[in-house]
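First the structure, in the form of structure tokens, and then the observations on it.
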Amino acid sequence: MSVAASAGSVHVRAPGKINVYLGVGGRHDDGYHALATVFQAVSLYEDVIARHADDFSLTVTGVEDVDSVPLDDRNLAMRAAKLLATATEYTGGVALEIRKSVPVAGGMGGGSADAAAALVACDALWGTGLSPARMHDLAARLGADVPFALHGGTAVGTGRGDQLNPALARGRFDWVLVTSEQGLSTPVVYERLDILRDEEGALADDPPLSLDVPIPVLQALRSGDAAQLAEGLFNDLQAAAVYERPDLEDVIRQGVEAGALQGLVSGSGPTVALLCPDPETAQDVQTTLRGAGLDPLHVHGPVAGARIL
């Protein structure tokens, strides 16, 4: 048992993510879409502190709009703790404290990071000692992005996004994230994508039921070439997110004009991720966008997944 666990608490930090590439295929009979994506974990973190308790409870602090974060079983972290307890036949509870830095409903997997951190924290606190493979299986039951938050780095996700294969990414990639006070619902964005695809002349008809990440995207990551990666940035959900939030297109334009190589909507949005050639340019872009009244953050990736502090 760790020193933290023996003291009665465990502190775990897990990263948010951006989707460098996100291809969305057709919808399967179970309602889920086929995905091919490249996740990159970035230096914007969620902190979860787990303490011994007789029952299960949750508190959340941090970013704006935390009041919209549920504190019951709708919260992925709460579900993660209870799932682990059931899987290991642990009879006690846990008091979870979440300190959020990743935007709520921002398309950066903040809730998934909370769930991954809760799994790691409770496993250490309770001394249940799950294997990495078993932990991954539990994470996948909680949602497509949770296994990636567990592992971090850069990875290719297929299936529903939960079938992960590590992707070699050399060096450091610098991003400027433009967050938004108003979140976007992931189900709403997917529903809008389906509507757009059904409309004549909108997006491609009959999207495939299985997808692959384009080789040039993987080559750009492997070479550590930001300019090459910028050419491959893509998000099938972007059209749907922009339909719901037309201002996002203008944010991308402003970022590129300020010096970013390229930008895209992160996941289901509304966070915009702007790829920059180096840290200095990223700082300049951040300063310019802040002067325009936006709320930019300079982050880098890839970073490690959920870890005990």
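The values are calculated or read from the model by the stated rules, or taken from the named source; none is laboratory data. The structure presented is a predicted model; accordingly, all values stated were derived computationally and were not measured. Glycine gets a Cβ as well: all are built from the backbone with ideal geometry, and neighbour counts include every protein chain shown. Accessible surface areas use protein heavy atoms only, side chains included; no ligands, DNA or RNA. Shrake-Rupley method; radii C 1.70, N 1.55, O 1.52, S 1.80 Å.
Here the range 164-185 and the range 242-281 have alpha carbon centers that stand 11 Å from each other.
The residues of the chain present an accessible area of 43 Å² per residue when probed at 1.4 Å with all protein chains retained. For the chain, adding -39500 (n - 2.57) for each run of n ≥ 4 DSSP H residues and dividing by the number of residues yields -10500 deg cm²/dmol at 222 nm.
Each other residue within a Cβ distance under 11 Å of F56 adds +1 if Lys or Arg and -1 if Asp or Glu, for a net charge of -2.
Percent of accessible area on the range 242-294 owned by carbon and sulfur, 1.4 Å probe?
Values: 1030 of 2240 Å².
Ligands and nucleic acids excluded, carbon and sulfur give 46 percent.
The packing ranking of peptides 24-34, 237-247, 40-50, highest mean first, is 40-50, 237-247, 24-34, where packing means the average number of other beta carbon atoms within 10 angstrom of each residue.
Of the whole protein surface, L196 contributes about 20 Å² of accessible area at a 1.4 Å probe radius. Solvent-accessible area of the range 8-85 (1.4 angstrom probe, protein heavy atoms only): carbon and sulfur portion equals 45 percent. Evaluating 6.51 cos²θ - 1.76 cosθ + 1.60 at θ = phi - 60° for every residue in the range 285-300, the Karplus couplings come out as 4, 4, 5, 5, 5, 5, x, 8, x, 8, 10, x, 10, 9, 10, 9 Hz, glycine and proline recorded as x. With a/c under 1.5 counting as rounded, go ahead and sort the range 210-309 into rounded, prolate or oblate using the C-alpha gyration tensor (a ≥ b ≥ c being the square roots of the eigenvalues; past the cut-off, prolate if a/b is larger than b/c, else oblate). Here the range 210-309 falls in the rounded category.
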